[in-house]
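Peer 1: Sharing a structure below in structure tokens format, with a few things to ask.
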Amino acid sequence: MKDVEILMLSPMMPLIMEGIDKAFTLRRAWDKPDPEAYIREVASGIRGLAPGSHVRTDASVFDKLPNLEIVSNMGVGYDTIDAKEAGRRGIIVTNTPDVLTEEVADLAIGLLLATVRQLPQADRHLRDGKWLKAPYPLTPTLRGRRVGILGLGRIGKAIGRRLEGFGVEISYHGRRRQDDVPYRYEPTLVDLARNCDVLLCVAPGGAETNGIVGDEVLRALGPDGILVNVGRGSVVDEPALIRALTSKTILSAGLDVFTDEPRVPAELIAMDHVVLLPHVGSASVETRRAMGQLVVDNLVSWFSGKGPVTPVPETPYRGTALA
Ligand code: NAP
Ligand code: 8YV
């Protein structure tokens, strides 16, 4: 398949670059003096696209690539890709679901515990020599807390399975009630926030969820409430969160995702009562290796005539054409 040309818009992990280089002709846009001029030069030959992580890929990109057939996304979240527009044009979009589910759920539990029991703060207390003078202050507890999950999907369910072992009450909100889960469904996000003490967000980004965790939801979560976000930063109205944390409308927050990554508001960085992580939910060697392999496998499968491995719902595939 070396006659098939794949465009890459930003650097990706070596496994992906090597895998695509081995099977196809890889066209790297990011390391050219004028990437846009390079894309124009190679555009007519490009049949596959590996945009890289969180690279906006919409009609403006599709317009440049008249023979594009497939976009292979690194990550299960594909909110930076206009998948509906791709579907309208007959372009397949694939992502990397399932291979990262358990990893992200593990991280979510770790972030929850770190935030409730103030683990990074206690670590700093020791390292700063403050334990020599006084014990670390007592913290809130997870015991007796009610956890509300926004986005009870693959990862949300894996988080729920873990939380069952912690003996906490679990509820959830999404667009649909799910009859096959042992958790209470809350029909609105405000209801979920009002009836939990930890609001754990793992919903996808995009227009539908943009800023849905705002002032009203944070007020409903309340002064003993803790927000944990491992989904997308865009789901949370970040200025509203900063206001809520500053005014103690909510107790604290544990965040792995932010609206303008890798830039994080200085106000959040200055807060000692929040835990901040640099979007590491799936960032283990093993899981990123599995994700990277799936990026390559989708392209190889497609150009071998076997269809995509993991097409997104907006670009379903059955047989010889988009469904
Ligand atoms: P998934 O299986 O598709 O689950 C998504 C869930 O979100 C579903 O339960 C869906 O339920 C709910 N949802 C979708 N739109 C919604 C809306 N408008 N309002 C409320 N709920 C909504 O996806 P997943 O594999 O669990 O991944 C979830 C997200 O986690 C990804 O999209 C990504 O953004 C994020 N993620 C982050 C990391 C990280 O490193 N921090 C790693 C992996 C994934 P309904 O259909 O019932 O609404
Ligand atoms: C990664 C993620 O940050 O899968 C996702 O949606 O957010 C994470 O796995 C990213 O997408 C891969 O670099």
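The values are calculated or read from the model by the stated rules, or taken from the named source; none is laboratory data. These figures come from a predicted structure and were not determined experimentally. Quick reminder, even Gly has a Cβ in these numbers, built from the backbone with ideal geometry, and neighbours come from all protein chains shown. Remember, those area values only see protein heavy atoms, side chains included, never the ligands or the DNA or RNA. Shrake-Rupley method; radii C 1.70, N 1.55, O 1.52, S 1.80 Å.
Peer 1: Could you check the stretch 284-314 and list, in sequence order, the residues that are within 16 Å of ligand 1 (Cβ to nearest atom) and basic (Lys, Arg)?
Peer 2: Arg288, Arg289
Peer 1: Can you work out which of the residues in the stretch 19-78 that are aromatic (Phe, Trp, Tyr) and within 23 Å of Arg289 (Cβ to Cβ) is farthest from ligand 1 (Cβ to nearest atom)?
Peer 2: If we take residues in the stretch 19-78 being aromatic (Phe, Trp, Tyr) and within 23 Å of Arg289 (Cβ to Cβ), then Phe24 is farthest from ligand 1 (Cβ to nearest atom).
Peer 1: Return the residues of the stretch 119-143 that are surrounded by 11 or more Cβ atoms within 10 Å (Cβ to Cβ) and outside any loop (DSSP other than H, G, I, E, B); say none if nothing qualifies.
Peer 2: Leu119, Pro120, Gln121, Ala122, Asp123, Arg124, His125, Leu126, Lys130, Trp131
Peer 1: Restricting attention to the stretch 93-118, and to residues there that are more than 16 Å from ligand 1 (Cβ to nearest atom) and out of contact with any Leu (no Cβ under 7 Å at 6 or more places or on another chain), which single residue is least open to solvent (accessible area, probe 1.4 Å)?
Peer 2: So, considering only residues that are more than 16 Å from ligand 1 (Cβ to nearest atom) and out of contact with any Leu (no Cβ under 7 Å at 6 or more places or on another chain), the one least open to solvent (accessible area, probe 1.4 Å) is Gln118.
Peer 1: Here is a further query. Any residue at all in the stretch 151-165 that's of a type in the set (A, V, I, L, M, F, W, C), open to solvent by 20 Å² or more (accessible area, probe 1.4 Å) and either within 27 Å of Ser234 (Cβ to Cβ) or in contact (Cβ under 8 Å) with a residue 24 or more places away in the chain (or both)?
Peer 2: yes
Peer 1: Scan the stretch 79-92 residue by residue and report those that are touching a helix residue (DSSP H, G or I) at 6+ places or on another chain (Cβ under 8 Å), open to solvent by 30 Å² or more (accessible area, probe 1.4 Å) and more than 23 Å from Gly153 (Cα to Cα).
Peer 2: Selection gives Glu85, Arg89.
Peer 1: Just the residues that are of a type in the set (D, E, K, R) and within 16 Å of ligand 1 (Cβ to nearest atom), please, taken from the stretch 119-154.
Peer 2: Result: Arg154, single match.
Peer 1: While we're looking at this one, here's another question. Within the stretch 226-260, can you find the residues that are open to solvent by 20 Å² or more (accessible area, probe 1.4 Å), more than 16 Å from ligand 1 (Cβ to nearest atom) and part of a helix (DSSP H, G or I)?
Peer 2: Passing the criteria: Pro239, Ile242, Arg243, Thr246.
Peer 1: Just give me the residues in the stretch 165-184 being of a type in the set (D, E, K, R) and in contact with a strand residue (DSSP E or B) (Cβ under 7 Å, 6 or more places away or on another chain), in sequence order.
Peer 2: Scanning the stretch 165-184 gives Glu169, Arg177, Arg184.
Peer 1: Looking at Pro14, Pro35, which is the one that is more than 17 Å from Ser72 (Cα to Cα) and under 29 Å from the mean Cα position of the chain (by Cα)?
Peer 2: Within the list Pro14, Pro35, the selection yields Pro35.
Peer 1: A further question follows. Does any residue in the stretch 195-207 that is surrounded by fewer than 24 Cβ atoms within 10 Å (Cβ to Cβ) come within less than 8 Å, Cβ to Cβ, of a residue that is of a type in the set (Asp, Glu) six or more places away or on a different chain, and which pairs are these?
Peer 2: Asn195/Glu186; Asp197/Asp224; Pro204/Asp79; Gly205/Asp79; Gly206/Asp79
Peer 1: Does Tyr172 meet the test of being more than 18 Å from Gly231 (Cα to Cα) and either at pLDDT 95 or above or open to solvent by 70 Å² or more (accessible area, probe 1.4 Å) (or both)?
Peer 2: Against the criterion (more than 18 Å from Gly231 (Cα to Cα) and either at pLDDT 95 or above or open to solvent by 70 Å² or more (accessible area, probe 1.4 Å) (or both)), Tyr172 does not qualify.
Peer 1: How many residues are away from ligand 2 (no atom under 16 Å from the Cβ) and touching a Gly at 6+ places or on another chain (Cβ under 8 Å) if we restrict to the stretch 92-115?
Peer 2: So the count comes out to 3.
Peer 1: Something else about it: Among what's in the stretch 265-285 and is in a loop (DSSP other than H, G, I, E, B) and within 15 Å of ligand 2 (Cβ to nearest atom), pick the residue that is farthest from Asp237 (Cα to Cα).
Peer 2: Ranking the candidates gives Ser284 first.
Peer 1: Another question, then. Looking only at the stretch 41-67, count how many residues are touching a residue at least 60 places away in the same chain (Cβ under 8 Å), open to solvent by less than 20 Å² (accessible area, probe 1.4 Å) and on the phi > 0 side of the Ramachandran plot.
Peer 2: The qualifying residues number 0.
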